[in-house]
């Protein structure tokens with residue numbers, strides 16, 4: 001049962017990843033990444049990580065990918081025209097990548113094959129994660145909130161229109177200098 | 001026959017390698033960014049698999065994945081804002097045309 005689920009959803013994740021590479025339009029790549037994320041969420045459930053599985057669906061497939069799709073639609077991203085890549089990369093790239101994959105797989109399969117499956121008692125994972133998050137990992141958790149604050153500020157600043165900012169800044173600057181010169185004139 | 005740790009590790013290595021391939025071969029700024037997310041997902045699978053197979057009732061791997069997701073969310077927000085700014089300035093998504101700092 002577990003093996004069947006692993007094969008089905010692992011294969012689905014791989015198919016989605018390959019489709020991500022093959023597709024030309026960014027929107028199709030984004031949608032195949034959603035497929036990969038859904039399949040991975042099922043694999044997380046198989047591994048006994050319910051919390052991560054649900055967070056994967058909610059945050060990754062729900063929030064982050066919606067942001068991606070939103071930006072793709074905002075920028076009206078068309079299928080990219082294939083451009084000329086270097087000849088060395090084209091001839092040497094796939095064999096080297098394949099070799100790397102084979103070496104990785106062989107290494108992993110030889111070393112970790114005899115690790116027994118962990119059949120511990122089922123536990124209430126969300127509770128344990130909450131406890132760990134607010135005791136053992138409290139500092140990283142708080143740093144996370146600072147990170148989000150910086151991220152929000154940076155995203156707003158980067159995505160705001162530059163010409164609008166340019167229009168506002170000199171206007172304010174001019175008004176200020178005018179006021180200063182007026183004051184000076186009044187003083188004189 | 002049960003699924004072993006090696007199976008999960010091979011799957012996540014393949015996902016990561018496909019993400020690297022997308023990062024290197026795609027010509028589209030957004031698709032390159034999507035490939036980074038694919039790599040992060042492959043690494044997340046590794047964390048959860050190790051956590052499940054190697055430690056008894058451990059949730060540390062899950063917490064690592066939690067933090068990876070947090071960073072990925074912040075990274076996606078900032079990165080997409082940068083993409084919007086770049087496209088507004090250069091009016092293209094093709095990474096070959098973004099060579100302002102070349103040479």
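The values are calculated or read from the model by the stated rules, or taken from the named source; none is laboratory data. Note that this is a predicted model, so its numbers are computed, not measured. With ideal geometry, Cβ positions are generated from the backbone for all residues, glycine too; neighbour counts draw on all protein chains shown.
Restricting the range B:54-65 to residues that are at the interface with another protein chain (Cβ under 7 Å from one of its Cβ atoms) and surrounded by 21 or more Cβ atoms within 10 Å (Cβ to Cβ), the residue that is farthest from residue A:35 (Cα to Cα) is B:59. Residue pairs whose Cβ atoms lie under 7 Å apart, separated by 6 or more positions or on different chains, with the first residue in the range A:92-116 and farther than 16 Å from residue B:14 by Cβ and the second part of a helix (DSSP H, G or I) and at pLDDT below 80, do not occur.
Residue by residue, here is whether (1) within 30 Å of residue B:91 (Cα to Cα); (2) more than 7 Å from chain B (Cβ to nearest Cβ) holds:
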site	(1), (2)
A:7	no, yes
A:28	yes, yes
A:33	yes, no
A:50	no, yes
A:55	no, no
A:94	no, yes
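For the range B:3-14, the criterion of a residue being in contact (Cβ under 8 Å) with a residue 60 or more places away in the chain, assigned to a loop (DSSP other than H, G, I, E, B) and at the interface with chain A (Cβ under 7 Å from one of its Cβ atoms) is satisfied by no position.
Look at (1) assigned to a helix (DSSP H, G or I); (2) modelled with pLDDT under 85 and you find that residue A:8 fails only one, number (2).
Examine the range B:23-43 for a residue that is outside any helix (DSSP H, G or I) and at the interface with chain A (Cβ under 7 Å from one of its Cβ atoms), and state whether such a residue exists. Yes, the conditions are met somewhere in the range B:23-43.
Pairs are defined by a Cβ separation below 9 Å, a sequence spacing of at least 6 or placement on different chains, a first member in the range B:74-98 that is more than 8 Å from chain A (Cβ to nearest Cβ) and assigned to a loop (DSSP other than H, G, I, E, B), and a second member that is surrounded by 16 or more Cβ atoms within 10 Å (Cβ to Cβ) and modelled with pLDDT of 85 or more; the pairs so defined are B:92/B:29; B:92/B:86; B:98/B:29; B:98/B:86.
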